[in-house]
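One structure is given here, and the rest of the page talks about it.
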Amino acid sequence: MSTVPWTIERIREALASPSLARRFDAELGRAPADELLEVFAKWQRIAGGLRAQATTEI
């Protein structure tokens, strides 16, 4: 498991799909300020799952 903290950039990279990255950006951009952390956490889980899946497929 990586100890590097998740950032918006790292989430985009881990999504590895332009359409998912656009969806992430759109959801983050439309989220009210009090929901930003919730949206970020949702996409962090998605990106972490995709990264773990890619690691186990190698």
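Quick notes on this structure:
- A simple charge model with +1 on the Cβ of Lys and Arg, -1 on the Cβ of Asp and Glu and nothing else charged puts the dipole of the chain at about 140 debye relative to its Cα centre.
- These residues, Ile11, Ile46, go from largest to smallest accessible area, 1.4 Å probe, as Ile46, Ile11.
- Extension gain, Trp6 back to Ile46 (0.36 nm per residue minus Cα-Cα distance, nm): 13.2 nm
- Full-extension gain in nm, Thr55 to Glu38, via 0.36 nm per residue minus C-alpha separation: 3.6 nm
- Taking a ≥ b ≥ c as the square roots of the eigenvalues of the Cα gyration tensor, the range 10-58 is oblate, since a/c reaches 1.5 or more and a/b is not larger than b/c.
The values are calculated or read from the model by the stated rules, or taken from the named source; none is laboratory data. Keep in mind it's a predicted model, so treat the numbers as computed, not measured. As a convention, Cβ positions derive from the backbone with ideal geometry for all residues, glycine included, and neighbour counts pool all protein chains shown. Accessible surface areas use protein heavy atoms only, side chains included; no ligands, DNA or RNA. Shrake-Rupley method; radii C 1.70, N 1.55, O 1.52, S 1.80 Å.
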